[in-house]
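Okay, structure first, notes after.
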Amino acid sequence: MNVVTMNRIGKTYHLDAVDVPALIDIDLEIRPNCFTVISGPSGSGKTTLLNLIGCIDQANCGEIIVAGEPVQKLHDDALSDFRARHIGFIFQNFNLLPVLTVEENVEYPLLLARVPATERKRRVRALLEAVGIADKARNIPGQLSGGQRQRVAIARALAPAPRLVLADEPTANLDSHTGAAIISLMREMQREHHVSFVFSSHDPKVLAEADDAVMISDGRIEKIERRKLPAEGAA
Amino acid sequence: MNTLSLALRNLLRNRRRSLTTVSAMVIGAVTILVFGGYSRNIVLSLQTSYVMRGGHLQIQRKDYFLFGSGNPAAYGIADYQRVIGVVARDPVLSPMLAVVTPTISLGGIAGNFAAGVSRTIIGAGLVVADRNRMRRWNDYGLPIDYPQSPLTGTAEDAVVIGNGVARVLELCEPLAVPNCPRHIKTEAAAGASAPADITALAALESRPTAQTGEARIELLAANVHGAPNVASLRAVKAERQGFKEFDDMFIGMHLAQAQRLLYGNEKPQATAVVLQLAHTSQIPAAKARLAELLATTLKDEPLEVQDFEVLNPFYGQAVGMFAAIFGFMAVLIGAIVLFTVGNTMSMAVIERTAEIGTLRAMGLRRSGIRRLFMAEALLLGLIGAAAGVAVALCVAWLVNHAGLTWLPPGQVDPVPLTVRVWGETPMMLVTAAGLALVAIVSAWWPARRAARMLIVDALRHV
């Protein structure tokens, strides 16, 4: 079963009494256990599409099914709980909570998902080891480099064992070397945790790593390339 | 890590702003508590003063309070000894009682005919031993030490007079009244000797020979039949009476002397039976029991019970005035705290907009965002209130040990400036809880705004 199915999705912004269509008639399926990249020029609707997939924005029309759940029917609290259980986010600006330590940042989504304390500690330790930042567990984000922060963000996104991780231009604020390392790490995590990653990016390196590439322009999907079969362990 | 822990870290993130907000709350708490402690002290001092003098409750003949002061002879309690006996032996009342004593209030004219001066007075007939016990009542532990009555151990014709009476009757010198201005006689003031009829009445009173330096006065009062009666009395001491109006009119005498003035050879009465209770809080229970007794055992005479607040209307006025000022101040300070904390929380919401979006994206519900900001305000409130109470206690201690005095309205003597904060647990708790509540209320709107943000808008915020 696809992790995301979008049928005839439309999204229009109302700016100063002018309707600006951001997404038009989108039909999209995100395969499970895949590394999917949404690519396109600035203003093409990549972030809007990611927001809709991530259930943090509402479409004006159409149907979205995420992890088997028609999410448009969920009210706000149920949608919050759904996100806490099934979706992880990686942001361009890392968006770590500056008052929490690295391990607390990773633990926070587990608190929201009401995971018992011992299991939380175990998962946090394992994830920090996996992203190679266990030695910084007690540091606060302000004491880390950009690459280290994004590693923490990856660990945080994976902490509640989501079905789907969304990353909006995750390498945009990193130098090319660090960006490549982060992409490589995400690819590794995606395979290891059997989770679907969806990126928005116009970085050719990211695009090269993709199992599926979705080309978007002026709010419409121009092309979907299914390049590779889903990795082993797919649902 | 729970919401409170996260809230505390968020407060520490901008230490200067949090400190400024807490400081505003501390200043507010100190202002409320110090003024509250000051007014509380005044109220308790007043209450103690009234209870020392007139007890908590007085049993009087019906309507004496309204009409009897003009005719105390007609409004006396005929069988007051029986009333005292019933009250003192009552199993419900007796555990509450500190003192039960009869008293007589009378009006009259006191004259120092040797000096050719006189003035209207308010006389009080007292059982001296009982009054000495009443003077020891200090339920609130105030820093006061009333000496025994100067009438202690004196003969029946002894009286104690207010300093003002001594001044007007030109008895300051024989009574060694300190700081008493000397009277310079003018022609008009230097009246002739007493009127013949009064002199004749005074002559009927057996009058001991005046010793050198002795202060004697003649006291004229209307007896039970409305006829004038005169007693020649020996002033043993002038004593300040607190309030100037009272100081200028008060003459205290033995109960028997007052009874002789009013009732002559007839059966002596009392105008009131004074009940001093162990604690002021016992007034309602004592009143209820007295009402039962007056309707049953003591129903032979038309009696009623008045409490000290009715007998001393100034007390209620003072309490009301201080309560109004305190309330006004509390509202003003509450408004200041409301806007200060509200502003702090609004700034925090604006600064942390992207963070709010992140938390919501991760799955924190709107209520969680609201709870987070409310928890920050609650912590600010609790820290501000706790620090405010602590600082107020220090300020109160400093004031209480600075040796400051002030002259309360209507009083003749300066009194120590005392701020009663320590021990006033309800006041401290209410102030602290009030400040914390105001802080929470002030965070409600910013927290609501934060919770209602659109996630995508919040995430876009730079």
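Taken together, the values in this text are just the output of simple stated rules run on the coordinates, not laboratory data. Fair warning: this is a prediction, and the values are worked out from it, not measured in the lab. Because the Cβ atoms are built from the backbone with ideal geometry, glycine has one as well, and the counts that use them run over all protein chains shown.
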Problem set entry | Degrees separating the helix B:313-351 axis from the principal Cα axis of chain B, which is the longest one | 10
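Given R₀ = 45 Å, FRET efficiency for B:Phe339-B:Ala78 by Cβ-Cβ distance, to 0.05?
Working: r = 66 Å, r/R0 = 1.46.
The pair B:Phe339/B:Ala78 has a calculated efficiency of 0.10.
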Exercise. With each pseudo-label sitting 7 Å past Cα toward Cβ, what's the B:Glu301-B:Glu173 distance in nm, one decimal?
Worked result: 4.5
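All other residues with a Cβ under 11 Å from the Cβ of A:Ala84 taken together, and with Lys, Arg as +1 and Asp, Glu as -1, what is their net charge?
Working: positive: A:Arg83, A:Arg85, A:Arg114, B:Arg360, B:Arg365; negative: A:Asp77, A:Asp81.
Taking every Cβ under 11 Å from that of A:Ala84, the sum is +3.
What does the highest-first list of B:376-382, B:150-156 look like by mean Cβ count within 10 Å? Could you put the intermediate results ahead of the total?
Working: B:376-382: 23.6, B:150-156: 15.7.
Highest to lowest by the protection proxy: B:376-382, B:150-156.
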Problem set entry | When each of B:Lys62/B:Lys267; B:Lys237/B:Lys287; A:Lys46/A:Lys73; A:Lys46/A:Lys205; A:Lys73/A:Lys228; B:Lys237/B:Lys267 is checked by Cα-Cα distance, pairs over 25 Å | B:Lys237/B:Lys287; A:Lys73/A:Lys228; B:Lys237/B:Lys267
Exercise. Between A:Leu166 and residues 5 or more places away or on another chain, which pairs have amide H atoms under 5 Å apart, with H built 1.01 Å from N, and which residues are they?
Worked result: A:Gly88, A:Phe89, A:Ile90, A:Val198
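Exposure proxy check: B:Trp137, B:Trp445 ranked by fewest other beta carbons within 10 Å?
B:Trp445, B:Trp137
Out of all DSSP beta bridges in the protein assembly as shown, what portion is antiparallel? Express it as a percent rounded to 5. Could you put the intermediate results ahead of the total?
Values: 64 of 91 bridges.
So the antiparallel bridges in the protein assembly as shown amount to around 70 percent.
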Seminar exercise, completed: In degrees, nearest 10, the alpha-carbon axis of helix B:15-54 is tilted away from the dominant principal axis of the alpha carbons of chain B by 20
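For A:Asp27 and B:Arg13, what does the FRET efficiency come to when R0 = 56 Å and r is the distance between their Cβ atoms, rounded to the nearest 0.05?
Values: r = 45 Å, r/R0 = 0.80.
Once rounded, the FRET efficiency stands at 0.80.
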For this session: Could you list which residues have their amide H under 5 Å from that of B:Gly108, counting only those 5 or more apart in sequence or on another chain, with H placed in the peptide plane?
Result: B:Ile121, B:Gly123
Exercise. Which one of A:Ser44, B:Phe314, B:Ala396 has its Cα pushed farthest toward the positive end of the charge dipole of the protein assembly as shown, where Lys and Arg give +1 and Asp and Glu give -1 at the Cβ?
Worked result: A:Ser44
Problem set entry | Inter-site label distance for B:Thr3 and B:Phe65 at 7 Å from Cα along Cβ, in nm | 5.2
Problem set entry | Sorted by Cβ density within 10 Å, fewest first, the residues A:Ser145, A:Ser42 | A:Ser42, A:Ser145
Seminar exercise, completed: Note, the range A:11-18: 3J(HN,Hα) by Karplus (6.51, -1.76, 1.60, θ = phi - 60°), whole Hz, Gly/Pro = x, goes 9, 10, 9, 9, 10, 6, 6, 10
For this session: Enumerate the calculated ³J(HN,Hα) couplings along the range A:45-62 in order (Karplus 6.51 cos²θ - 1.76 cosθ + 1.60, θ = phi - 60°), each rounded to whole Hz, writing x wherever the residue is Gly or Pro.
Result: x, 4, 5, 4, 5, 4, 4, 5, 5, x, 6, 10, 8, 10, 6, 7, 8, x
Exercise. Hey, which lysines would be in cross-link range of A:Lys136, C-alpha to C-alpha under 23 Å, not counting anything within fewer than 8 residues on its own chain?
Worked result: A:Lys121
For this session: Give, rounded to the nearest 20 debye, the magnitude of the charge dipole that the protein assembly as shown has about its Cα centre when Lys and Arg contribute +1 at Cβ and Asp and Glu contribute -1 at Cβ.
Result: 1360
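I'd like the per residue volume of the convex hull spanned by the Cα atoms of chain B, given in cubic angstrom.
Details: hull volume 90.2 nm³, N = 462.
About 195 Å³ per residue, rounded to a whole number.
Sort B:Arg119, B:Arg370 so that the residue with the fewest other Cβ atoms within 10 Å of its own Cβ comes first and the one with the most comes last.
On the way: B:Arg119 15, B:Arg370 19.
So the ranking, lowest neighbour count to highest, is B:Arg119, B:Arg370.
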Exercise. Which listed residue (A:Asn173, A:Ile224, A:Val198) has the Cα farthest towards the positive end of the charge dipole for the range A:82-224, taking +1 on Lys and Arg C-beta and -1 on Asp and Glu C-beta about the Cα centre?
Worked result: A:Val198
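Starting from 0.36 nm per residue, how many nanometres of slack lie between A:Arg227 and A:Asp77 once their C-alpha separation is accounted for? Before the final figure, lay out the partial values.
Working: separation 150, 0.36 × 150 = 54.00 nm, distance 3.71 nm.
Full extension of this stretch gives 50.3 nm more.
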Exercise. Among bridges DSSP assigns within the range B:63-301, what percent are antiparallel (round to 5)?
Worked result: 75
Seminar exercise, completed: Across A:43-53, the residue-averaged tally of Cβ atoms belonging to other chains within 10 Å stands at 1
Exercise. Taking only DSSP H segments of four or more residues, each worth -39500 (n - 2.57), what value at 222 nm results for the protein assembly as shown once the sum is divided by all its residues, to the nearest 500 deg cm²/dmol?
Worked result: -14500 deg cm²/dmol
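Where a ≥ b ≥ c are the square roots of the eigenvalues of the C-alpha gyration tensor, would you call the range B:216-309 rounded, which needs a/c under 1.5, or, failing that, prolate if a/b is larger than b/c, or oblate? Provide the component values of the computation, followed by the final result.
Numbers: a/c = 3.02, a/b = 1.44, b/c = 2.09.
Because a/c hits 1.5 or more and a/b fails to exceed b/c, the range B:216-309 counts as oblate.
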Seminar exercise, completed: Plugging the Cβ-Cβ distance of B:Thr20 and B:Leu417 into 1/(1 + (r/R0)^6) at R0 = 35 Å yields, to the nearest 0.05, a FRET efficiency of 0.70
Exercise. In chain B, with Lys and Arg counted as +1 and Asp and Glu as -1 at Cβ, which of these residues, B:Pro174, B:Leu12, B:Leu290, has the Cα nearest the positive end of the dipole, that is, farthest along it?
Worked result: B:Leu12
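From other protein chains only, count the Cβ atoms within 10 Å of every residue's Cβ in A:149-156, then give the mean. Working shown, then result.
On the way: counts 0, 0, 0, 0, 1, 0, 0, 2.
Per residue, the average neighbour count from other chains is 0.
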Problem set entry | Angle between chain B longest axis and helix B:353-362 axis [Cα atoms, degrees, rounded to 10] | 70
Problem set entry | Phi-based couplings in Hz for the range B:124-133 (Karplus 6.51, -1.76, 1.60; Gly and Pro marked x) | 10, x, 10, 8, 4, 4, 5, 5, 4, 5
Exercise. In whole Å, how far is the Cα centre of the range B:1-69 from that of the range A:39-114?
Worked result: 51
Exercise. Relative contact order for chain A using alpha-carbon pairs under 8 Å, separation at least 6, rounded to a whole percent?
Worked result: 30
For this session: Obtain the nm distance between the two label points defined at A:Asp218 and A:Ala17 by a simple spin-label model: each point lies 7 Å from its Cα along the Cα-to-C-beta direction.
Result: 2.7
